[in-house]
Every structure is written in C-alpha cells, then in structure tokens.
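Written below as structure tokens is the structure these notes are about.
The values are calculated or read from the model by the stated rules, or taken from the named source; none is laboratory data. Since this is a predicted model, take the numbers as computed values, not measurements. Note that each Cβ is placed from the backbone with ideal geometry, even for glycine, and that neighbours are counted across all protein chains shown. We work out accessible area using only protein heavy atoms, side chains counted, and drop any ligands, DNA or RNA first. Shrake-Rupley method; radii C 1.70, N 1.55, O 1.52, S 1.80 Å.
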Amino acid sequence: MAEITNRKDCSSEEINTLKQFLEPRAPQLVQFIEAGAVVSKGLITSREMLAKTNTEWYNLGGVRSRREYGSKFFRIDQVMTMLKNPQCNDVAHRDRIQELMQEIPTNNFKYTITFFEKNNELFIYDGNHSAVAFFEYFSKCGSDNVNIEVFIITDTTKLRIFLIRCYNFFWYTLKNKKFQLRW
C-alpha cells in the first residue's frame, strides 16, 4: 500500500474545489464527502511507494487483476505491463497514459489524484492515468524521488453509524425518562 507523508486535513475551500473537480468525474466521492468522510491531502515521495499503489482498475482490456496477479486491483507498476500484453485489448488507456507522460515535463501538466480509503484499504479512485504516467515517466528518467500531491477521502462509515446510534440512544433515553442522573 502507498505510504502518504505530510498528511493533513484539507480546508473547507480545498474540499469545495475538490468537490467541484470530482462532480463530473467521480460523483460517488462527492457523496462520501457530503456524508461526512474525512478529506485530507498528502505527498507520495518515492517511485517505489507510487508503484505499490492500487488503482481502481480490476479489469484492463479483458484481463482481470485477480486472475493475473491474485489481487483485487492492478497496482500502478502492473498497469503498463498489462496494457502492452498482447492478450489485453485496451488501447485507449495505454494511449492516454502515453499522452500524459509527454505532458509531464511541461508546465502545462495539471493533475489531481484522489485516493479512497476504507477499512484500511487505499486505492486511487480518480487520477489513475496520471499516477501511472508519473510512475512510467520517473521510471524512464531513473528518478526514485518524486513529489506528488494527492487527496485522500476516508470513509468513516462505522464511526458515523456508531455516533448516530449513540446520539439516538441518548435522546431516546432522555425522552422516555429511562435515564437518571444520581449524585
């Protein structure tokens, strides 16, 4: 799993900007944010950590990650290898990644990489093409040190459910006077 350093909570302005960006691309993430998921940002600082990052892709051109690698999702370092495999018929993803690789050295390359975290599982939900392009670009350059800013949306469903139940229990007991304070 990717190691994200310098992790800190996002400001409300950063969250609103991220929501606007994600709305047409990943509206499910916006729903999680609006339901109270924690939004933070951090850095991936090594190519090795980027390589170990899970994408959201489990099927590339008819080839499944579980069958090929025994894992739920393809990792960043497996994607281009798979896209170049003759049994994979996914030319669109490969072309998009190669296009982005050419943009990286220019100042025009704009990216947003957003992770989704739930139950200690972390994968890239939006920005998979950019992440693979970064990995391939830095691999070709032979650079191990990278500095990629990422956003992390952490689903805290269990905590929210627990807090809601505590709240409901508290108000139910007060309403029904089944709770007494004794001094």
Practice item. Would you grab the residues whose amide H sits under 5 Å from the one on L60? Only those 5+ places off in sequence or on another chain, please, with H modelled 1.01 Å from N. Key: S65
Practice item. Specify the inter-centroid distance of the stretch 1-64 and the stretch 102-119, based on alpha-carbon positions, in whole Å. Key: 10
Revision key, fill the gap. Given 24-36, 41-53, the highest-first ranking by average Cβ count within 10 Å works out to 41-53, 24-36
Practice item. Taking amide H positions as placed in the peptide plane 1.01 Å from N, state which residues far from C10 in sequence (5 or more) or on other chains have amide H under 5 Å from it. Key: V39, S40, K41
Exercise for review: Kindly write out, for the stretch 70-81 in residue order, the coupling ³J(HN,Hα) from the Karplus curve 6.51 cos²θ - 1.76 cosθ + 1.60 (θ = phi - 60°), rounded to whole Hz, with x marking Gly and Pro.
Suggested key: x, 10, 5, 10, 6, 7, 3, 6, 9, 5, 5, 4
Study note, to complete from the structure: Mean separation of Cα contacts under 8 Å (at least 6 apart) over the residue count of the stretch 5-178, i.e. the relative contact order in percent, is 28
Check your understanding: Averaged per residue, what accessible area in Å² does the stretch 9-127 show with a 1.4 Å probe, protein chains only?
Key -> 54
Review point. Based on Cα positions only, what radius of gyration and what Dmax would you give for the stretch 43-87, in angstroms?
Key: 10.8, 35
Check your understanding: Could you give the Stokes-Einstein D for the stretch 5-178 in µm² per second, using the C-alpha Kirkwood radius, 10 °C, 1.306 mPa s?
Key -> 89
Review point. From the phi of every residue in the stretch 43-50, what ³J(HN,Hα) in whole Hz does the Karplus formula 6.51 cos²θ - 1.76 cosθ + 1.60 yield, where θ is phi - 60° and glycine or proline is x?
Key: 10, 9, 10, 9, 5, 5, 5, 5
Exercise for review: Starting from the amide H of F123, placed 1.01 Å from N in the peptide plane, find each other amide H under 5 Å away whose residue is 5 or more places distant or on another chain.
Suggested key: F116
Exercise for review: Would you mind checking the pairs K52/K140; K52/K118; K110/K140; K8/K140; K41/K84; K8/K84 and listing those with alpha carbons more than 28 angstrom apart?
Suggested key: K8/K140; K41/K84; K8/K84
Exercise for review: Step through the residues of the stretch 84-95 one at a time and calculate ³J(HN,Hα) from phi using the Karplus curve (6.51 cos²θ - 1.76 cosθ + 1.60, θ = phi - 60°), rounding each to whole Hz and writing x for Gly and Pro.
Suggested key: 8, 5, x, 6, 8, 10, 9, 7, 4, 4, 4, 5
Exercise for review: Using only the alpha carbons of the stretch 67-129, determine the length spanned along each of the three principal axes and report them from longest to shortest in whole angstroms.
Suggested key: 36, 33, 15
Practice item. Report, to the nearest whole %, how much of the accessible area of the stretch 5-178 belongs to carbon and sulfur atoms, 1.4 Å probe, protein only. Key: 50
**Study point:** Dipole moment magnitude, nearest 20 debye, the stretch 3-96 about Cα centre, only Lys, Arg, Asp, Glu C-beta charged
**Key:** 380
